[in-house]
Structure formats: structure tokens, C-alpha cells
Amino acid sequence: VCIFFFSRVLECQGLPIVNGQCDPYATVTLAGPSRQSEAKKTKVKKKTNNPHFDEVFYFEVTRPSSYNKKSHFDIEDVDEVDKMEIRVDLWNASNLKFGDEFLGELRLPLKFLRQSSSYEAWYFLQPRDNGNKSLKPDDLGSLRLNVVYTEDHVFSSDYYSPLRDLLLKSADVEPVSASAAHILGEVCREKQEAAIPLVRLFLHYGRIVPFISAIANAEVKRTQDPNTIFRGNSLTSKCIDETMKLAGMHYLQVTLKPIIDEICQVHKPCEIDPVKLKDGENLENNRENLRQYVDRIFTVITKSGVSCPTVMCDIFFSLRESAAKRFQGDLDVRYTAVSSFIFLRFFAPAILSPNLFQLTPHHPDPQTSRTLTLISKTIQTLGSLSKSKSANFKESYMATFYDYFNEQKYADAVKNFLDLISSSGRRDHKSIEQPILLKEGFMIKRAQGRKRFGMKNFKKRWFRLTNHEFTYQKSKGDHPLCSIPIENILAVERLEEESFKMKNMFQVIQPERRVLYIQANNCVEAKDWIDILTKVSQCNKKRLTVYHPSAYLNGHWLCCKATADNTPGCTPCTGGLPANIQLDIDGDRETERIYSLFNLYMPKLEKMQEACGSKSVYDGPEEEEYSTFIIDDPKETYKTLKLIIEGVGTLEQEHAQYKRDKFKKTKYGSQEHPIGDKSFQTYIRQQSEISAHSI
């Protein structure tokens, strides 16, 4: 059994004013008898005691071993749900060192919600249950809350085969707007509803990159202005956002968490608005503090390309390709297509609200939050590569501060970073893009011994790495003396100093045991070359799992003393890049969630069928009720809709049979359903009505 529900915190009225101010926010928690989920928080609403939040929070209750996140509950028995409750706490964001002030709470038992799938009401906020009976609940204000409760039973995998197969082939459907996955995005009220289960399903079956590539390419073709590319809340944007959240969480941890922790702990003054300066603060000192923080975060981001997860790099590669083909006269669009996600929707929000990305356990205090806001704005603008950056700021003090960063080196660093994370070792022969230069410079290499007779001496050569090949030549600009395709790089590892009595050496291992030994100028350069070569070659199917850390000299390997030069390696390859994050996803559960969404929005599916029929036979102005759907090919879309409705109907029958069987086996008055159980009485009444209707 999987139980999904979402809680929409709508608004409050008449909250108390504390110390002359009220900056409220709400936290929502799923609580059980012995533990509770991680609290999810709304944004702080400034200077109001009648805040309007309208924020949605999702919770899931599952069997054990599905997910390990704090917001998911594992239960052994579905009846445990009746002991759980939703708790909403209201807080005032305080500037005091003692923390935020508690304003009131409400508790909503899930047992009550199971009697109604959707419930919306006003509640009086209550004081904490601390035994103090003198407090008046009326003084705490009230809150309007909307909670939607969904309970799904997940069948075994074979039940979902028709619907799952239809969804997984979405990337191959022409046009993609006629695919089952795209149709789900069209009928759901919010794109996010569709994106969450779709991304998890496609990630689980290794189809996320072709699917996002297909829907992104279709969206780019519909885009008229390169300046608005991927700026809307489309299915493409929501799917990429969800993919980055799932696959990029570890990437954020290793990249941003150390410096975010420092900012939260040290509390350096960074306010640069002259109007908001506190007594005793110096504007120039604050600007310098902020500049140092921005510089450090900018550097750590632009140097983190080798740690970017492979799935994100492959998606960015496809975005770059689609944008470059669509707007061939705009040389910047290949960068802005990627930066609009990695900076605008990934790094900038994580800096602004680190608690939402698991970088901090709690919402930062007001001073720290202000510092993070200023940093996030600057980083977002640096990553945008817009030509008139000072004009991006409404505030004059931000435009003045940004003058620190109006140097070409910042734009170059952003482009180099975007080049690396949007490159792919997988060659696309249809690509119109020139190979992307990732790194170049002089190093010393040892002859590979391609000729049977000849000296294996060391020579200085100019090395050049693109996303297609690794080459070297005598000097920069010369014709390459040797070219190694990226797909032929099987491993890149350090070489023990004992091999040639030389420091800072590494080896590039190729098919047929051929090895290129290279000496970098210093240890930092050696690490950079190893990391970036590993990054571009990590998707190669024949990558080695073991290697020899020393060279083969004088008839044996120096490391393991084996005499045959084709002896398998004696040491495991490092491959120390967190590129492929393994996610624990239940594909059947996600398919069940998608079935539930299709079932919920069945009227829209039927309306879309009508729209396909109308488009097929009538070529005049489109009816207003059909204009919300994207239908590029009415016939193909109609075929897919028919298959979806058939698949949903079959699963609906299975669910109905499951409920009937459960109803027959359950005795009223048993421990599972004691006399007085209103939810079971409601179920009996519903079954009676269904039976009467059938007769």
C-alpha cells in the first residue's frame, strides 16, 4: 500500500503581533506515535498578521525499503495510518538570538482524512499541549488549510506492463506530444504533479535522458525568441528540475555545503543597502565581506564541473544541441539554455533556501538569510551571461556591487564550466556543434612504442582535450601526431613514481593494453587532467575495473611482478567521481501513481480525445475549450489516448476487484475494523450503493 497526500497551507488571519512585528511562516509535519517526518516550511511573509501562503507540501506513507527520506514513512500495517496526524505550526521569524516565536498549532488526524479524499476548512490555532489550560485559543488567530489524501494499493509488476511500456516508449513517439508521458503533463492541473512520478519512472528504467531530450527539443522548436528559452513552467522545465533534485543532491552537498555552513555560523555583516545598515557597520567592509563570499562560491561552482552527475551532463548536452540547431545565428543560446537550469534553477535556489535542499537543517536566521539572498542574486546574474548585467538589478546598490565582477575572467569561467557540464563523450554524428575544447597545455609524454623498434623516450608535447578526442602535437596549432577517441579511453589513473623516477605522472589506458604515460607540470595540473579525462570517458562501456599502478619494464610489471604484459590489473580503478548516483526507486509504485493521475483526470483525457477529433475533421478556428492542449498530430495523439484509457480502465477493474475481495474477507467487529469504525461503515455504505447501481 502507498498513501500519498498533500497539504496546501492557504492563509491565516488575525495572528498575534509579537514585539511590534509579525513575520509569520508555517511548518508542516507528518507525525506518528513514536516519530515524525522532517518539517517542511513555507516562505516567511514579512510585516503581516494575515499572511497568504498557498504553498503545497507532499507526503508519502509506504511499506519499508521503498525510500529512505525523512519525509517518507515506513509502516508495517496500513492500520498504523490511523495513529498518524498532520501538524501545522505557525512561527514568527524573529531577529532575537533566542530563536523564532511559536504562534500556535493545529493537529489533523489522518483517520479523519481517510473518510474524505479532499478536505478544506478554517481552524482555530491551538496552544501547545503543555497542560496550561489558561490560554485562550481565540487569541492565537486562525488558519485555512486544504489537505488532499490519496491511498493507493500497488500490485505486482506484471499488472502494470501495458501502461508502463506505453509510458517508457514516449521518447520514441513522433511527435513526442502524442506520447503518453507528454499527455499526462497536458491533463494534470500542475505540471509538477506529472513530473515527479514520470522522472522517477524514467530514471529507474534508464530512459530519462532520451525522454527529456525529446520534450526539450519539441519545446525549443515552439520557442520564437532565444531570450525566453526554457523560461516557462513547462513539463520540460519541471522534469529537469526534478531530475536535478534527485540526481544532484550529492553534488550540491560536496559543492556548496562547506561554505554555506561557514556563512550560517560566522555571521559576517554583508548588508550593502545603505538604508538597512545597522549602527556601527561600515558599508565598504560589508561589501568586501560579501565580495569574498561571492568569489568563493563562484569559484567552487565553476571548478565543480568534474563532479556534475553524468545524467545531468547528458541532459545539458541535449539542451545545448537543440538550442544551437534552433537558433544558429545566436552564439550565446547554447550557453543560456544550460545556465537557465544549472544556475537559475539549481545553484541559486540552493543558496537562497539551503534548508529546502538539505544543506542546512533549519531556515536561516534573518541576517544570514539576507546574506544568502545577496549572494544568490549575484551568482544568478554571473551565470546568466547577459550582456547588460548591471541593468538586471532594480536596486542601485546591487548594480554598484556588481561592478566588482565586470571582468572577462568571470564570463570565461562560466563558459568553461558550461562547456564541461554540457559536453558528452558520446559522439552524435548529427551534431552541428564543433568539438568543445575542455583543456589544453604542454606536458611530457613517453613514447607509446607503436613501432617495434625505437626508443621509448620522453618528449614535450602540446596536449588538447575536446569532448570528442584527446590529442597531442609538437606545438600549439600543429597537426596532431596522435589522436585518441574518447570512447577508446578505458581508464585514467596515477602512475607510481618508482616507474620512471618522475613525479606527477599519470596513465591513459587504451584497448589492447596500450598505455600513454604522461608527466604534468605539477601535482595540481596532474589531478586536473586526471579528473577531466575521467569525467569525459566515464560512460564508456568497456571501462576497466582494475589497472596496474606501475609500468611494465624489463619483462615484468613493477607493481605485482607479473611477467606477461597482458596480465589483468592488480589494483581496483579509483573512478573517484560521484557521477552516477544510485537512486532507490520503485517503478511499480511510480506507475501506480501515474495510473491514479490518469484516473483522476479522466474527464480531461476524454476532452482531449474530442479535441483530436475536432482537429482531424475541422480545420477552422480552434474551440476555446480545446486550445489548452498541445496536439501536433491528432491521429497519433488519439491512438495514444485510446491506449491510455484502455490501460487505466483495466487497472481500475483490478482495483475494484481487490477492494471487493478485501471487503468480503474483513469482518465488522474484528480487531482490524471494530464496531464504531466510521471509515468502515462509510465503505459498507459505498459498496451497497455500488451493488444497488449494478443491479
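The values are calculated or read from the model by the stated rules, or taken from the named source; none is laboratory data. Being a predicted model, the structure only gives us computed values, none of them experimental. Positions of Cβ are backbone-derived with ideal geometry, glycine not excepted, and every protein chain shown enters the neighbour counts. Remember, those area values only see protein heavy atoms, side chains included, never the ligands or the DNA or RNA. Shrake-Rupley method; radii C 1.70, N 1.55, O 1.52, S 1.80 Å.
Taking only protein heavy atoms and a 1.4 Å probe, the accessible area of the stretch 246-356 is 52% carbon and sulfur.
Heavy-atom accessible area with a 1.4 Å probe sorts TRP122, TRP91, TRP529, largest first, into TRP122, TRP91, TRP529. When each of the peptides 590-597, 226-233, 636-643 is scored by how many other beta carbons lie within 10 Å of its residues on average, the order from highest to lowest is 590-597, 636-643, 226-233. Here, P(r) means the percent of Cα pairs in each 10 Å bin from 0 to the largest distance; for the stretch 476-576 it is 15, 47, 33, 5, 0. Highest mean packing first, where packing is the average number of other Cβ atoms within 10 Å per residue, the peptides 12-19, 245-252 line up as 245-252, 12-19.
Calculation over all alpha carbon pairs of the stretch 249-422 in 5 angstrom steps from 0 returns a P(r) of 1, 8, 17, 20, 19, 15, 10, 5, 2, 1, 0, 0 percent. Residues in the stretch 464-478 carry Karplus couplings, in order, of 9, 10, 10, 6, 10, 7, 10, 10, 9, 9, 4, 9, 4, x, 6 Hz; the curve used is 6.51 cos²θ - 1.76 cosθ + 1.60 with θ = phi - 60°, and Gly or Pro positions show x. Each other residue within a Cβ distance under 12 Å of ALA180 adds +1 if Lys or Arg and -1 if Asp or Glu, for a net charge of -1. Above 14 angstrom, tally the Cα pairs of the stretch 455-531 and express them as a % of all pairs, no decimals. The answer is 64 percent, as a whole percent. A cut-off of 5 Å between modelled amide H atoms, ignoring neighbours fewer than 5 places along the same chain, links GLU55 with VAL9.
Under 5 Å from the amide H of GLU101 lie the amide H atoms of ASN92, SER94, each residue being 5 or more positions distant or on a separate chain, with H modelled from the backbone and absent for Pro and chain starts. With 27 Å as the limit on Cα-Cα distance, the pairs of LYS245/LYS439; LYS40/LYS607; LYS503/LYS535; LYS325/LYS642; LYS501/LYS542 that go past it are LYS245/LYS439; LYS40/LYS607; LYS325/LYS642; LYS501/LYS542. For the listed peptides 185-193, 346-354, a ranking on the average number of other beta carbons within 10 Å per residue, highest first, reads 346-354, 185-193.
Each Lys and Arg Cβ is given +1 and each Asp and Glu Cβ -1; about its Cα centre, the stretch 249-422 then shows a dipole of about 440 debye. The residues of the stretch 249-422 expose, per residue, 40 Å² of accessible area to a 1.4 Å probe.
Rounded to whole numbers, the Karplus 3J(HN,Hα) couplings from phi for the stretch 152-164 are 10, 9, 9, 7, 5, 4, 5, 5, 9, 3, x, 5, 4 Hz, using 6.51 cos²θ - 1.76 cosθ + 1.60 with θ = phi - 60°, and x at Gly and Pro. Of the GluC sites (Glu not before Pro) in the stretch 272-355, the ones in a loop by DSSP (not H, G, I, E or B) with at most 12 other beta carbons within 10 Å are GLU281.
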